[in-house]
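The block underneath contains the structure these notes are about, expressed in structure tokens.
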Ligand code: FES
Ligand SMILES: [Fe+2]
């Protein structure tokens with residue numbers, strides 16, 4: 001498994017940013033163990049339903065807060081109280097800031113140092129997201145809004161998460177796709193290419209692509225236009241202007257160095273001229289086409305060897321720049337600007353002008 005050091009990305013093994021850690025519909029109230037960034041964490045929902053994520057091991061004597069089936073605290077369903085979580089070993093309870101606020105057998109003395117590490121976590125657009133930072137700092141940018149999620153009255157049908165499972169792949173190889181002009185025809189079936197560029201603006205990397213397609217164009221729409229962008233190292237969104245307007249998500253989160261979990265989802269904007277079940281069925285079928293297109297990338301990634309240094313030719317997109325942009329997340333936040341300054345701007349790989357009028361159609 002090739003790791004971060006092999007790709008010479010920086011001093012942090014795991015990047016700084018917002019990361020998906022699960023499908024919200026599958027994350028219930030019971031404390032459950034999640035394993036990302038090489039470590040166990042425990043997810044639970046408080047009485048209000050609010051999502052919480054904490055370090056897995058109790059500061060008292062190291063018991064695992066998520067892995068126990070036999071303690072009476074677990075059997076008696078006493079692990080979650082209000083927004084707090086109780087350890088199965090000696091019953092110490094930690095409030096939502098992580099501070100211990102109850103030791104059942106020590107009503108008068110609670111050590112100040114009895115504090116459990118908590119992580120910033122947000123439930124949004126059907127997923128649970130965490131802020132990961134090797135320097136333990138506050139978020140340097142906001143979690144994306146995924147705004148179509150809240151636009152059902154405008155016709156948007158919400159996505160459901162597709163779990164692509166775990167790939168033995170460094171996430172850099174997924175991010176490379178942003179510059180990968182050359183794979184569009186063999187992998188994704190593009191034809192009659194019109195335009196391809198990338199732009200970099202601090203923590204955001206954008207790809208704009210216009211082309212015909214083997215199956216997705218025709219019937220008057222000859223060009224499919226895609227705006228694809230990363231906000232931070234792991235959250236890709238794309239707006240596709242094809243048969244229906246759609247909003248795609250690809251999220252990937254390191255589990256260990258060189259191993260990622262990957263999710264995909266698609267929201268679709270449909271007219272209100274059909275019953276809701278039909279609209280949902282159409283949206284799911286459209287999501288499946290997007291799933292199949294992404295599966296073509298995953299098929300390559302699942303079987304390739306690591307590429308430490310792409311043999312970039314002039315007709316390729318700017319892999320080198322994408323990799324420099326990506327390094328900002330693997331280095332101390334104070335150094336991020338150095339990487340941003342090296343790449344900020346636009347690189348046009350193919351064509352001269354974007355068919356802007358088609359984008360708005
Ligand atoms: S180890 Fe958690 S309360 Fe003792
Ligand atoms: Fe791709």
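Below is a table of values for the structure above.
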read-out: For the chain: relative contact order, % (alpha-carbon pairs under 8 angstrom, 6 or more apart); value: 20
read-out: Cubic angstrom per residue, convex hull over Cα atoms of the stretch 167-218; value: 101
read-out: Helix-only mean residue ellipticity at 222 nm for the chain, each DSSP H run of n ≥ 4 adding -39500 (n - 2.57), per residue, nearest 500; value: -4500 deg cm²/dmol
read-out: Overall Cα dimensions of the stretch 17-132 - principal axes, largest extent first, Å; value: 43, 28, 26
read-out: Footprinting exposure proxy for 302, 246 (fewest neighbouring C-beta atoms within 10 Å first); value: 302, 246
read-out: With Cα atoms, 0 to 90° folded angle of helix 276-301 axis to the chain main axis; value: 90
read-out: Cα centroid separation - the stretch 102-160 against the stretch 223-287, whole Å; value: 22
read-out: Ascending count of other beta-carbon atoms within 10 Å, so fewest first, for 48, 225; value: 48, 225
read-out: Residues 196, 37, 308, sorted so that the one with the fewest Cβ neighbours within 10 Å comes first; value: 308, 37, 196
read-out: Average projection area in nm² (convex hull over Cα atoms of the chain, one quarter of hull surface); value: 20.5
read-out: Pairwise centroid distance, computed over Cα atoms, of the stretch 162-221 with the stretch 298-361, Å; value: 11
read-out: Cα pair distances in the stretch 147-360, grouped into 10 Å bins until the bin that holds the longest one, percent each; value: 8, 32, 38, 19, 4, 0
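Taken together, the values in this text are just the output of simple stated rules run on the coordinates, not laboratory data. As the structure is a computational prediction, the values presented were derived from the model and not from experiment. In this analysis, Cβ positions are derived from the backbone assuming ideal geometry, glycine residues included, and neighbour counts consider all displayed protein chains.
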